[in-house]
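Presented below is the structure to which this report refers.
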Amino acid sequence: MPKYYEDPEDDKAIEKKKYACEGVRDDLIECLSQTDCVRKEKKTPRDCLHDPSLPDACVKLRLAFFECRRSMLDMRTRFRGRKDY
């Protein structure tokens, strides 16, 4: 289950984010590590990132990570905040 769905009240020690887009990145890495491309074909998650057999959930996480990283460069987000989930 992605980390952004978990209740923070369940964790006794709430960890602070170390860098921007950390939650999306961790979920993307976890999703990629569970694919057949990484497990059976023994490729790296970076090689499997653009694989056509990538599950739809991983593709959506990849787009969310891209949007989060792009929002860091957007000048409007300095006032509105990052688009992190």
*Out of segment 72-85, which residues are modelled with pLDDT of 65 or more and either aromatic (Phe, Trp, Tyr) or surrounded by 11 or more Cβ atoms within 10 Å (Cβ to Cβ) (or both)?*
Met72, Asp74, Thr77, Phe79
_Residue list for segment 35-49, filter: surrounded by 13 or more Cβ atoms within 10 Å (Cβ to Cβ) and outside any helix (DSSP H, G or I)_ = Thr35, Lys43, Leu49
*Report yes if Leu32 is modelled with pLDDT of 90 or more, outside any loop (DSSP other than H, G, I, E, B) and of a type in the set (A, V, I, L, M), otherwise no.*
yes
_Every residue from segment 50-71 that is modelled with pLDDT under 90 and either part of a helix (DSSP H, G or I) or aliphatic (A, V, I, L, M) (or both)_ = Glu67, Cys68, Arg69, Arg70, Ser71
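The values are calculated or read from the model by the stated rules, or taken from the named source; none is laboratory data. No experiment lies behind these values; they were computed from the predicted model shown. Neighbour counts are summed over all protein chains in view; Cβ atoms, including those assigned to glycine, are modelled from backbone coordinates with ideal geometry.
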